[in-house]
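Report on one structure; see the data block that follows.
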Amino acid sequence: MNKFKKILVTGGLGQIGTELSLELINIYGSENVVITDIRDSLPEKLQDKALYTKLNVLNYEELNNLIKYHNIDAIYHLAAILSGKGEENPFACWDINMNGSMNVFKTSIENNVKRIFIPSSMAAWGLGIPKQDVPQDSITRPTSIYGVTKVAGERLCEYMFHKYNLDCRGIRYPGIISSETLPGGGTTDYAVEIFYEAIKNNHYTSFIDKGTVLPMMYMPDCIKATINLMDADVNKLTHHGDYNVAAFSFAPEDLAREIANVLPAFTIDYKPDFRQAIADSWPQTIDDSCAREDWNWTPEYDITSMTKDMIAKLSERFK
Ligand code: SER
């Protein structure tokens with residue numbers, strides 16, 4: 001049986017939002033999924049499939065009215081500024097990530113929203129953490145403003161749960177690789193851009209340097225993790241806004257090798273930029289045993305199956 005009656009996805013036209021919304025529509029039906037974002041209208045793939053309202057999450061009144069109007073009982077709050085863009089404007093990053101989330105908490109309390117999802121990220125970690133198998137309960141000392149907002153978001157989820165009995169959940173996403181919608185301004189975006197360039201030009205110049213291993217995940221697993229955590233029995237959860245999840249880890253040259261196995265003419269070179277310092281502060285591998293135990297998390301894709309699927313999907317689109 002479906003857990004919720006009417007779901008809101010903020011940031012629903014972003015990299016994760018687009019595919020999460022499509023999956024929620026499959027499960028709950030078009031009439032039960034409301035998308036908000038700051039674009040004027042829905043892209044073609046979502047047209048006539050979902051209810052859409054252009055809305056900035058910083059506008060409390062509009063957000064609150066929307067939630068009342070639709071009787072929303074679950075929110076996936078994905079509207080945020082990511083790590084790369086965050087460094088270009090730290091004050092805007094704090095404003096959107098923190099005040100946007102505070103608006104979501106406030107309206108959820110006011111309207112008795114049953115459950116909310118606010119993603120965290122591996123950006124919550126920082127220098128001084130173990131690089132391998134970073135444990136569930138570890139120090140979080142982020143060096144990026146985005147990471148600072150993610151740690152604050154994690155603590156707020158915990159706080160709101162205890163103070164207001166508001167059921168907030170979140171995952172520390174690794175880098176997410178996907179074929180539908182481009183990511184918007186993250187450090188791990190290189191691992192998506194590389195596929196587009198491989199198919200169009202057989203070459204990619206990576207802004208992340210050779211040897212930089214980062215945790216990554218393919219979108220179908222990201223969607224599965226997100227929905228499974230939201231559907232999990234609250235009594236089984238030992239954490240709230242900060243679940244570690246992992247799938248696979250690689251450096252740019254590892255991904256380049258996988259791509260070259262399918263597209264033999266592909267080549268890569270490296271021109272690291274300011275995002276290298278962010279990547280260097282993040283772990284290489286993550287211990288996700290807590291998510292596996294609490295809500296049966298298991299990923300399906302590895303680097304090879306993800307690469308084959310990405311190339312098949314994008315080749316079809318650009319042929
Ligand atoms: N993919 C995100 C970023 O690079 C991490 O959560 O900002």
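Note down the magnitude of the dipole of the chain about its Cα centre, charges +1 on Lys and Arg C-beta and -1 on Asp and Glu C-beta and zero elsewhere, to the nearest 20 debye.
Numbers: 31 positive and 42 negative charges, 99 e Å.
That gives a dipole near 480 debye.
Expected output is a single nm value to one decimal: the length gained when fully extending between Lys3 and Asn26, i.e. 0.36 nm times separation in residues minus the C-alpha distance. What is it? Spell out each step's value before the answer.
On the way: separation 23, 0.36 × 23 = 8.28 nm, distance 1.39 nm.
Net length gain for the segment: 6.9 nm.
At what distance in nm do the modelled label points of Asp302 and Glu253 sit from each other, each positioned 7 Å from its Cα along Cα→Cβ?
2.1
At what distance in nm do the modelled label points of Asp269 and Gln47 sit from each other, each positioned 7 Å from its Cα along Cα→Cβ?
4.1
Would you check region 88-230 for Lys pairs whose C-alpha atoms are within less than 28 Å, ignoring same-chain pairs closer than 8 in sequence, and give me the count?
Pairs that pass both the separation and distance tests number 14.
If you stretched the chain out fully between Lys106 and Lys313, how much longer would it get, using 0.36 nm times the residue separation minus the C-alpha to C-alpha distance? Spell out each step's value before the answer.
Numbers: separation 207, 0.36 × 207 = 74.52 nm, distance 4.02 nm.
Using 0.36 nm per residue and subtracting the Cα-Cα distance, I get 70.5 nm.
Using the beta-carbon distance between Asp95 and Asn71 and R0 = 30 Å, what value does 1/(1 + (r/R0)^6) give for FRET efficiency, to the nearest 0.05?
Details: r = 29 Å, r/R0 = 0.95.
Plugging the Cβ-Cβ distance into 1/(1 + (r/R0)^6) gives 0.55.
With labels modelled as points extended 7 Å from the Cα through the Cβ direction, what inter-label distance (nm, one decimal) is found for Glu193 paired with Ile38?
2.0
How much of the DSSP bridge set in the chain is antiparallel, in percent, rounded to the nearest 5? Can you show the working numbers first?
Numbers: 3 of 33 bridges.
So the antiparallel bridges in the chain amount to around 10 percent.
Where does each of Asp273, Asp40, Asp167, Asp133 land when they are ranked from fewest to most other beta-carbon atoms within 10 angstrom? List each step's numbers first, then the result.
Working: Asp273 12, Asp40 7, Asp167 19, Asp133 15.
Listing Asp273, Asp40, Asp167, Asp133 from fewest to most nearby Cβ atoms yields Asp40, Asp273, Asp133, Asp167.
Which value, in Å to one decimal place, does the Kirkwood hydrodynamic radius take for the chain when every pair of different Cα atoms is included?
Values: mean 1/r = 0.0505 Å⁻¹.
Here the Kirkwood hydrodynamic radius works out to 19.8 Å.
Each value in this text was obtained by applying a stated rule to the coordinates, not by laboratory testing. Here the structure is a predicted model, which is why all the values come from computation and not from measurement. Heads up, the Cβs are rebuilt from the backbone with ideal geometry, glycines too, and the neighbour counts pull from every protein chain shown.
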